[in-house]
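> Take this structure, written in structure tokens, and hold onto it; I'll ask about it next.
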Amino acid sequence: MQVDGDRIDRIRAQWAQECPNLDTAPMEIIGRILRAEHLADGPIRRTLRQHGLDRGGFDVLATLRRSGPPYQLTPTQLYEDLVLTSGAITHRVDALQRLGLVERVSGQPDRRSMRVGLTAKGKKLIDRALGAHLECEQALIAGLSPAERNRLAVLLRKVLLEIEEQHERQ
């Protein structure tokens, strides 16, 4: 589907009018990535809510599930993988534990030295929620052909690798 212009095109045109010497070319990529994330957030949140999850809880459960049997990680492994603080992981794990979706495996009093594991209930839920989540994502990219999806994925990987490298240098 050919589109004459999107919001980013309109924003760039406004900047070109107001500040003609301003190079707004990065908005074509970064602006669109951020806008797409913003617009995709609603359908993704609604899908997860149907399974009683928010994005944070989903991320923790999915990270544990994809880690493979026995579906356990340390809080440090979780916060490094999810790029969160240890406090944020503790908060998420506490909430998921109250719901019976994860358990703290070790009996040590320092929660950072314990392992966090999926319960049977958590595994069952994440397996259902993941299927629905992927269906939602599929619907969001339905307008792209397989070849376009592949090209876009390759280019986005390249952008992300550069951004991650810059982030690590800071």
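> I'd like to know if segment 104-111 contains one or more residues that are under 30 Å from E168 (Cβ atoms) and part of a helix (DSSP H, G or I). Reasoning before the result, please.
Applying the first criterion (under 30 Å from E168 (Cβ atoms)) to segment 104-111 yields 110-111.
Cutting the leftovers down to part of a helix (DSSP H, G or I) gives us 111.
Taking every residue of segment 104-111 in turn, at least one turns out to be under 30 Å from E168 (Cβ atoms) and part of a helix (DSSP H, G or I).
> From the list G122, G52, exactly one residue is touching a helix residue (DSSP H, G or I) at 6+ places or on another chain (Cβ under 9 Å), assigned to a loop (DSSP other than H, G, I, E, B) and touching a residue at least 60 places away in the same chain (Cβ under 8 Å). Which is it?
Numbers: G122 fails: assigned to a loop (DSSP other than H, G, I, E, B).
Exactly one of G122, G52 is touching a helix residue (DSSP H, G or I) at 6+ places or on another chain (Cβ under 9 Å), assigned to a loop (DSSP other than H, G, I, E, B) and touching a residue at least 60 places away in the same chain (Cβ under 8 Å), namely G52.
> Considering only segment 105-113, I want to know if a residue exists there that is closer than 27 Å to Y71 by Cβ, in contact with a Gly (Cβ under 8 Å, 6 or more places away or on another chain), surrounded by 12 or more Cβ atoms within 10 Å (Cβ to Cβ) and modelled with pLDDT under 95.
As a first pass, look at segment 105-113 and keep what is closer than 27 Å to Y71 by Cβ: 105-113.
Then keep just the ones that are in contact with a Gly (Cβ under 8 Å, 6 or more places away or on another chain); that gives 105.
Okay, now just the ones that are also surrounded by 12 or more Cβ atoms within 10 Å (Cβ to Cβ), so 105.
Filter once more, keeping what is modelled with pLDDT under 95: 105.
Yes, some residue in segment 105-113 is closer than 27 Å to Y71 by Cβ, in contact with a Gly (Cβ under 8 Å, 6 or more places away or on another chain), surrounded by 12 or more Cβ atoms within 10 Å (Cβ to Cβ) and modelled with pLDDT under 95.
> Taking Q77 and the conditions (1) more than 16 Å from E135 (Cα to Cα); (2) within 14 Å of the chain's Cα centre (by Cα); (3) not in a loop (DSSP other than H, G, I, E, B), which numbered condition does it fall short on, given that it satisfies the others?
For Q77, the exception is condition (2).
> Still on this structure, please answer the following. Quick test of your reading of the structure: L39 fulfils all but one of (1) closer than 20 Å to H133 by Cα; (2) surrounded by 15 or more Cβ atoms within 10 Å (Cβ to Cβ). Name the failing condition by number.
Here L39 meets the rest and fails (2).
> Next question, about the same structure. Quick one: count up the residues across segment 8-34 that are in contact with an Asp or Glu (Cβ under 8 Å, 6 or more places away or on another chain) and among the basic types (K, R). Can you show your working first?
Filtering segment 8-34 for residues in contact with an Asp or Glu (Cβ under 8 Å, 6 or more places away or on another chain) gives 8, 12, 32.
Of the ones still in play, those that are also among the basic types (K, R) are 12, 32.
Number satisfying all stated conditions: 2.
> May I ask you to list the residues in segment 131-163 that are within 16 Å of the chain's Cα centre (by Cα) and not hydrophobic (A, V, I, L, M, F, W, C)?
The answer is G131, H133, E135, E137, Q138, R157.
> Also, quick follow-up: Of all residues in segment 47-62, count the ones that are more than 20 Å from Q138 (Cα to Cα) and surrounded by fewer than 18 Cβ atoms within 10 Å (Cβ to Cβ). Give the steps one after another, and end with the answer.
Step one: list which residues in segment 47-62 are more than 20 Å from Q138 (Cα to Cα), which gives 52, 56-57, 60-61.
Filter once more, keeping what is surrounded by fewer than 18 Cβ atoms within 10 Å (Cβ to Cβ): 52, 56.
Summing the residues that are more than 20 Å from Q138 (Cα to Cα) and surrounded by fewer than 18 Cβ atoms within 10 Å (Cβ to Cβ) in segment 47-62 gives 2.
> Give all pairs with beta carbons closer than 6 Å in which a residue from segment 136-149 that is in contact (Cβ under 8 Å) with a residue 12 or more places away in the chain meets a residue that is surrounded by 11 or more Cβ atoms within 10 Å (Cβ to Cβ) and hydrophobic (A, V, I, L, M, F, W, C); count only pairs at least 6 apart in sequence or on separate chains.
C136/I44; L140/A40
The values are calculated or read from the model by the stated rules, or taken from the named source; none is laboratory data. Bear in mind the structure is a predicted one, so any value in this text is a computation, not a measurement. Glycine also receives a Cβ, built like all others from the backbone with ideal geometry; neighbour counts cover every protein chain displayed.
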